[in-house]
Amino acid sequence: MIRFTISRLIFILSLSMPLEPTIPVVLDTLATADDLRHVSAGQFLRSLTDLEYTELRKEQTNGLQQDATRFKCPMCNCSIYVRSSKNGLRHFAHPKGKGENCPWRSESGDDLREIDSTRFANKQESRAHKQLKNLLVEILKTDAAYREVSIEKVISKNGFWRKPDVCCINQHGEVIAFDIQLSTTHMRYIVERENFYKVNGIRYVWIAGSDETTLERQAFKDIYMSNDGQILSINGICSQQAKDNNIAHFCLFSLRPYFNGNSISCRWEKAIINREQINWGRPGDIPYCWSIPSFDDAMKNAVDIRGFGYLRSNLFEAVSKGDDVSAQDAWDQMATRVGGLKWNQLPEGAPTKCIGSILSVALNKKHVVCNFADDDILQIANTILLEGKNRRGWTHLFETVAMAVDSYVLNAATCQRKIERNKKTEDDLMQKIGPVFDAFFHWGAMRRLSR
Ligand SMILES: [Zn+2]
């Protein structure tokens, strides 16, 4: 019965999209239940935050080589990848040479090699690339901590090789590789390079051009969304500072939350930092700047600086006591200040309990009225939040908070199954709740960035 419905659905969808052939429905190979295997592609891709979208793009691209992507084309059972069209529409597509006879194969633009061969077609970009390479070499050479600074030196490991734009050896004798990130570099190359350096224990740094207006492009997003909103760049000031102080300087672009009138928004902040402000991690890591707060902490600060922190305390105290009236009061006051759904617009599944359950996960201690033990967060999540039908809209929000605090509940199979089920079948509150949630729950704010 289910199969019949799905094939009808696929048929109807394929008829309704004759102009631009894309893949309207995809097969989720990880789904545990039959009725979860077919996923509406557009709806699913739209529901992802920028970070989740980047992660999915990486995951799908990674799976292409072994023809083992999580999501496949249900028509030809072929591995597919994810990309954005010129007007920003997210969609799945067949790679070159795969699914040649598939009715859902689009006719143009599937050739990854073609895309990257256009890399230097634009002479201006090629010149900018060369200038940045030279500037980076200049900066690294001022610093006694770095030696053997070279341009396009081949690094070969275990039969594979890469040629980073610039590389050098640090004071501990370890290699650091740098690539200049161009707005046209394709996801496949980003993933391949990051994997190569990670597997071979080499620190890897992307350097963007100095023009922040280009950072909205997907190629940059694919990098900074998985690095807490950070991306390094270089400019003449970095070079001057490096020469004056004999220590390498970089320009840090970081995505920062701030109050925009009566709402929360994000903007780029630019800071000149030196190499000591960078956590270089272990070999194989992608370095990041430690001297600024994480995006999530910056979200909390943005709320506190405006003097709204007391509303957070009020809400948390109210949900812990099961006091609906005070909870509603705190919530609505915050919603008035930052925007978002009001209390009476929330689903009728006892919001006090839902918010209390999410808070319990965030703080790893019971903050909701119930009979479970103080530390039995898994039962609280499973029974109070994830089970009730009219509470399932909170699932996506619950998951991002749990991921941000690295909660153990996410490892429980029972919890995973309910999350998968709820995310696919219910209305998603994350898409519509607005900044009011971020103002109360800074945990996971980076992951919720683009709702
Ligand atoms: Zn296909």
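Per-structure values
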| item | result |
| --- | --- |
| Charge-dipole axis of segment 123-292 as Lys and Arg at +1 and Asp and Glu at -1 on Cβ define it, positive-most pick from I169, Q230, Y189 | Y189 |
| Added length on full extension, which subtracts the Cα-Cα distance from 0.36 nm per residue, A31 to A145 | 36.0 nm |
| Segment Q431-E174, extension gain: residue separation times 0.36 nm, minus the distance between their alpha carbons | 88.1 nm |
| At least 20 Å along the helix axis (C-alpha) and Kyte average at least -0.5, DSSP helices within the chain | 2-16 |
| Neighbour net charge for V199 - beta-carbon separation under 12 angstrom, K R +1, D E -1 | +2 |
| Mean separation of Cα contacts under 8 Å, 6 or more apart, over the residue count of the chain: relative contact order % | 11 percent |
| Local electrostatic count at E348 - Lys and Arg +1, Asp and Glu -1, tallied over other residues with Cβ under 13 Å | +2 |
| Cα-based Kirkwood hydrodynamic radius, segment 304-440, one decimal, Å | 14.9 Å |
| Rg(Cα)/(2.2 N^0.38 Å) for segment 123-292, N = residue count | 1.02 |
| Highest average packing first - 345-358, 265-278, 231-244, Cβ atoms within 10 Å | 345-358, 231-244, 265-278 |
| Value of D in µm² per second that Stokes-Einstein yields for the chain, Kirkwood Rh from Cα pairs, at 20 °C (1.002 mPa s) | 88 µm²/s |
| If the convex hull is drawn through the Cα atoms of segment 243-290, its volume per residue in Å³ | 95 Å³ |
| Other-chain or far-sequence residues with amide H under 5 Å of N260's (modelled H) | S265 |
| Largest-first ellipsoid semi-axes for segment 241-343, taking √(5λ) over the Cα gyration tensor eigenvalues, angstrom | 39, 16, 10 |
| Contact order normalised by residue count of segment 123-292, Cα under 8 Å, 6+ apart, percent | 19 percent |
| Packing-based order for 30-37, 57-64, using average beta carbon neighbours within 10 Å, highest first | 57-64, 30-37 |
| Segment 169-247: translational diffusion in µm²/s, Stokes-Einstein, Kirkwood Rh over Cα pairs, 25 °C, 0.890 mPa s | 176 µm²/s |
| Segment 208-264: C-alpha pair distances exceeding 16 Å, % | 53 percent |
| Loop sites in segment 376-432: trypsin sites (Lys or Arg not before Pro), DSSP, at most 16 other Cβ within 10 Å | K432 |
| When each of K342/K432; K353/K389; K58/K423; K321/K418 is checked by Cα-Cα distance, pairs over 19 Å | K58/K423; K321/K418 |
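FYI, it's all coordinate maths here, none of it is from the lab. As the structure is a computational prediction, the values presented were derived from the model and not from experiment. Reconstructed Cβ throughout: ideal geometry from the backbone, glycine too, with neighbour counts over all protein chains shown.
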